[in-house]
Every structure is written in structure tokens, then in C-alpha cells.
Amino acid sequence: MFLSVFEMFKVGIGPSSSHTIGPMVAAARFLDHLRAQPFAVKGLRASLHGSLAFTGVGHATDRATILGLAGFRADDYDVAKAEAEMSRITAEGTVHPEGLGPLTFQPKDHLTFDYGPALPGHANGMILMGTDAQGDVVTQVTYYSIGGGFVLTADELAAGADKDEGAPVPYPFKSAAEMLEMAAQNGLSIAQMKRHNELTRMPGADLDAGLDRLWQVMNDCIDRGLTTDGILPGGLQVKRRAKGIYDALQAEAGVNLNAPHTINDWMSTYAMAVNEENAAGGQVVTAPTNGAAGVVPATIRYYMDHVPGASHAKIPEFLLTAAAIGGLVKFNASISGAEAGCQAEVGSAAAMASAGLCAVLGGSPAQIENAAEIALEHHLGMTCDPVRGLVQVPCIERNGLGAIKAVSAASLAMRGDGTHLVPLDAAIETMRQTGADMSEKYKETALGGLAVNVPNC
């Protein structure tokens, strides 16, 4: 089983990997589908289903779909151009994707939120349609945004593409047990095995440059969040807090006898900085999703800024180890809040971050697996219940607590020799089962939990 580090970590925009990035990816794929047709379409239609409908406005799914059909991409998103194009599309009722000419598309008429039953393949479904000059649908494709910016067509999902193990790699582990066995047999770390697998897909220089870019985007996102204040968009009037906390922590830095638990505030503010940027539609790295994008960067920043002897040279080891764990979770369970609740997002992110931190602290493969298991186990059952469907409450603070749990789990694992009762594979399978049993109202629909017990204004 192989999922690239650059599939687990993608540069994109907020506020959601499944609800913002995924629909943009789907739209780009649909435009390619239209370009391959022997006939020319004259207009476009789109319908959003399941979680994409119920929390679509709060997650900017409609906006992402519109801009995606206009040819915008998440990995090179230009805010100013997007704003100008949205205004033009609304006024003129057309989009102009490259190679397809002007196509009729009036958002208020041609994009619908379907609040009926979800489509059969996944909670995040959307149907994109091409029409003729009379407005009749002549071609359509159903897409599923399955979490973390991954997108499959209905046909691909039915064919099992979400479980495709990919082309052969030197170390094809698809369970933590296989991962540990391969590491023991070959005398390699998890990161080394992951690196060998990645090198079957790209040159080493490209891998190294890509990993450097991932951390640069993550770190820049933290820095922007730590220096920006104001009110987040969406109507909840949520105030950005990371800057104020960071300023206070800096002012206290020279004071003697700071309480030891203050380190938790540092970790929280790093994570909150990322997720406030995400909530504002800024550039983030899915890790493994946007809703959980703050956990891994905050844990790396904690390592770099607060751990004696930390080295920038170890960040690739952190990211490769984290991606290996994230791949196991995605392949065997889910990283989608709409499919399995927040345990699949912040829980997965905490497992990834804990494994990465344990690795750069010198942990053995067994200790790394233990760290990931501890972090995931103590997120089991966590629901996804965003107030007003916005990726703000409880998501922003939840990332801070996820980072704290990740560091605590790595520390606990390092205190042992790697032997423990509950294997990571069991925790992943438990998360899958828990997600399957969880009520739909607790899976990114804003129909239960905090979403209905907190005033939405």
C-alpha cells in the first residue's frame, strides 16, 4: 500500500480539505472530462449532497465549486483574482475555463444544495453536469470528496480505487504490524522505508524540495496566524486569539518561575494560529485535512522552538514518519469527518504528529507505533459538530488540544520500550467501527452536538 507524503500533505486553501479543496479538484477533473468529449457543452450545473450540502455554505463549498469550474486550483490559489472572478461570474452568469470557451453558469440558479439523502457512495457527494444550448444535461459525473482533498468518481469508488495499493514499492506495508516487521527485518526506520518508497515515484532532489516546501508553507501559516488579529468571517463573530496569546507568552518569556504547564499554551497558540488562518480561507497544508491542519505544524514548531537539540534537518524524518502513519489510517479507516467524525481528523492528525515527534526524538519503530496508538486511542468517539457548519468552533481549539495530546503521547511512548497492550492496528479498526456506528448528525452535518446547543448568532 502506498500513499505519497504529498498526498497526505497537500498545499491548499481553507477552510476545508473535503468541502473546499475536494470540490475544486472535482471541478478541475470535470473540466478535463468536458475537454475530452467529442461534443461541445454550452453550460454547467452542479448539485451538492450529504455533508457538502448541510455544511457547504459554512465550508465555502459553493464558492469552491464555482471557482473550480472557472479553472481555479487550490495549490496556486490567487485571492485577488478569485474575488474579481467571483464578482464577474455573479454579474454575467458565465465561466470561462481554459479551452472550453464561455459557459453559462449562474450560481444562484445552477448550483443547488440537496438536503435529501446522501448519495450512496460517501457522505460528501456532488454531481457536475454539462448542458446543451437548451439547458438539457448531456453529460454528468458524480464525484465523492472522501477526505483530505482526495476525490474519486462514483465509478472509481465502486471499483475500489480508495483501496488501490498502487504500483509496487520496496516496503509495501498496509498495516502497522507489517510496518514493524519490515523495519525489524531490514534494520530501517519508518522514515527510511517511507523515503525508499517515495523514491520509486520521484528523484531524491524533488522529494527533498517538496518536503522543504511543505514545512515552509506550514511555518509561514503559523507566523501569519501569530501576527494577525480581528474577527473571522462567517457570522459567528469569533475573535482570532492566537496573536493575543502569543504576545502574552512572549512578554512572559523572561519572567522567572513560569508554570510548567505554560508550554501547553505555546503548543495551542501555534495550532490555533494555523486553524484561524484556515478559517479565514488562507493557505494551509492539509495534515491530513484542513480541519486538523494545525496539529502537525504546531508539534513541529514545538519541537523546533522548545526542545533542546532540535534540528531542522530532522523535519523530513518527522513528515515522512507522520505520512506513513496517516496512510495506514486512511487506507484502513478514514480521515474524513463526514465519514467518521472528528476522531478521523484531529485524531488522525494527533497520531501522525505523535509518531513524527517520537521519531525525531530518537524513538524506535515500536515506540513510534506506540505513540501513534496512544494519540489515536484517546480521540476515539470524538464527533464532528461544527457550529453553523463553520470550521471554527470547536475546531480551532480542538487542534491545540490535539497537539498537546500528540506531544504527551510521544513522551509517554519514549518512557517505555515500545511494548504495549493495544496495537495501533486495533485502534485504527476501532475508529473505523466507531465511525460506522456514529449517528450521521455527529458527522459534519451541523445537526447535532455543539452545532445545535450553541446559539448560532
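The values are calculated or read from the model by the stated rules, or taken from the named source; none is laboratory data. Only a predicted model underlies this, so the values are computations on that prediction, with no experimental measurement involved. Reconstructed Cβ throughout: ideal geometry from the backbone, glycine too, with neighbour counts over all protein chains shown. Each accessible area value is taken on the protein alone, full model and side chains, heavy atoms only, with ligands, DNA and RNA left out. Shrake-Rupley method; radii C 1.70, N 1.55, O 1.52, S 1.80 Å.
Data table
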read-out	value
Number of the exception - residue 445 against (1) under 23 Å from residue 360 (Cα atoms); (2) in a loop (DSSP other than H, G, I, E, B); (3) polar (S, T, N, Q)	(1)
Which numbered condition residue 98 fails, given (1) acidic (Asp, Glu); (2) exposed (fewer than 15 other Cβ atoms within 10 Å of the Cβ); (3) part of a helix (DSSP H, G or I)	(3)
When residues of region 26-50 are limited to those that are basic (Lys, Arg) and part of a helix (DSSP H, G or I), the one least open to solvent (accessible area, probe 1.4 Å)	29
Residues satisfying the stated conditions in region 415-446, i.e. of a type in the set (D, E, K, R) and out of contact with any Pro (no Cβ under 9 Å at 6 or more places or on another chain)	415, 417, 425, 429, 432, 437, 440, 441, 443
Test: residue 22 is in a helix (DSSP H, G or I) and crowded, with 23+ Cβ neighbours inside 10 Å	yes
Qualifying residue in region 81-96 (condition: at pLDDT 95 or above, out of contact with any Ser or Thr (no Cβ under 9 Å at 6 or more places or on another chain) and more than 25 Å from residue 280 (Cα to Cα))	yes
Residue, nearest to residue 133 (Cα to Cα), within region 56-77, restricted to residues that are open to solvent by 10 Å² or more (accessible area, probe 1.4 Å) and not in a helix (DSSP H, G or I)	70
Residue within region 347-358 that is open to solvent by 20 Å² or more (accessible area, probe 1.4 Å) and touching a residue at least 60 places away in the same chain (Cβ under 8 Å) present	no
Flag for residue 1 being in contact with a Phe, Trp or Tyr (Cβ under 6 Å, 6 or more places away or on another chain) and open to solvent by 10 Å² or more (accessible area, probe 1.4 Å)	yes
Residue 93 being crowded, with 18+ Cβ neighbours inside 10 Å and of a type outside the set (A, V, I, L, M)	no
Which listed residue is farther than 16 Å from residue 214 by Cβ and charged (D, E, K, R), from 339, 277	339
Near pairs, Cβ below 7 angstrom, 6+ apart or cross-chain, from region 413-428 (modelled with pLDDT of 95 or more) to any residue that is in a loop (DSSP other than H, G, I, E, B) and open to solvent by less than 60 Å² (accessible area, probe 1.4 Å)	413/363; 414/363; 418/364; 425/175; 428/333
Exclusive hit being assigned to a helix (DSSP H, G or I) and open to solvent by less than 60 Å² (accessible area, probe 1.4 Å), set 80, 53	53
Residues satisfying the stated conditions in region 357-398, i.e. closer than 16 Å to residue 326 by Cα and under 17 Å from the mean Cα position of the chain (by Cα)	376, 379
Matching residues, region 157-209, being within 23 Å of residue 424 (Cα to Cα), open to solvent by 40 Å² or more (accessible area, probe 1.4 Å) and among the charged types (D, E, K, R)	162, 163, 164, 165, 174, 178, 181, 195
Among (1) more than 19 Å from the chain's Cα centre (by Cα); (2) at pLDDT 95 or above; (3) over 27 Å from residue 441 (Cα atoms) - the single one residue 78 does not satisfy	(2)
Subset of region 404-456 [more than 17 Å from residue 175 (Cβ to Cβ), open to solvent by less than 70 Å² (accessible area, probe 1.4 Å) and aliphatic (A, V, I, L, M)]	404, 406, 407, 409, 410, 413, 414, 438, 446, 450, 451, 454
Residue 126 vs. criteria at pLDDT 95 or above, under 28 Å from residue 279 (Cα atoms), in a helix (DSSP H, G or I) and not charged (D, E, K, R)	no
Pick from region 220-261, criterion surrounded by 15 or more Cβ atoms within 10 Å (Cβ to Cβ) and among the aliphatic types (A, V, I, L, M), ranking: farthest from the chain's Cα centre (by Cα)	249
Which numbered condition residue 133 fails, given (1) assigned to a loop (DSSP other than H, G, I, E, B); (2) crowded, with 23+ Cβ neighbours inside 10 Å	(2)
All positions within region 337-365 that are among the polar types (S, T, N, Q) and under 27 Å from residue 383 (Cβ atoms)	343, 348, 354
